[in-house]
Amino acid sequence: MDGTGPVWQQIGSSFVQHYYRCFDTNRLLLGDLYTDTSCLTWEGEGFCGKNAILQKLTQLPFEKVQHSITAEDHQPTPDSCVISMVVGQVKVDNDPVMGFHQLFHLKNVNSKWICTNDMFRLSLHNFG
């Protein structure tokens, strides 16, 4: 983070960088980014609460993962939160690179930015 731009943009960008660094190196660290009231929708499947979310993310069926962020957009919300939308590519194990979209709703809880809502989808297209 270079310290330029509105504070909400810096918050969103810092969170996104930290999230994918943790996801790619040690998914157990992602538990600190959620609370017991957080919600995750992963490819249409819903998970509520820190434990359920962490269980889903740590049990994904791959060993190696690398995210590459193509674009990220951040907006402030009227209730002093931040919405972040990420578009990128992900490579898992020996599979081909796939596109993805992810949306985070971030809230400051006890002077720490946590994710209250997280939605993830691979960008797969079936035109047949």
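In the set (1) at pLDDT 95 or above; (2) out of contact with any His (no Cβ under 8 Å at 6 or more places or on another chain); (3) of a type outside the set (A, V, I, L, M); (4) open to solvent by 30 Å² or more (accessible area, probe 1.4 Å), the condition left unmet by Asp2 is number (1). Taking (1) open to solvent by less than 20 Å² (accessible area, probe 1.4 Å); (2) of a type outside the set (Gly, Ala, Ser); (3) not in a loop (DSSP other than H, G, I, E, B) in turn, Leu60 satisfies each apart from (3). You will find that of Lys112, Lys107, Lys50, the residue that is touching a Gly at 6+ places or on another chain (Cβ under 7 Å) and charged (D, E, K, R) is Lys50 and no other. Of the residues making up segment 33-43, those that are in contact (Cβ under 8 Å) with a residue 24 or more places away in the chain and open to solvent by 50 Å² or more (accessible area, probe 1.4 Å) number 3. For Gly12, the conditions (1) open to solvent by 20 Å² or more (accessible area, probe 1.4 Å); (2) within 11 Å of the chain's Cα centre (by Cα) are fulfilled apart from (1).
The values are calculated or read from the model by the stated rules, or taken from the named source; none is laboratory data. None of the values given here were measured: they were computed from a predicted structure. Methodologically, a virtual Cβ is constructed for each residue, glycine included, from the backbone with ideal geometry; neighbour enumeration extends over all protein chains shown. Please note that ligands, DNA and RNA were not included when accessible areas were found on the heavy atoms of the full protein model with its side chains. Shrake-Rupley method; radii C 1.70, N 1.55, O 1.52, S 1.80 Å.
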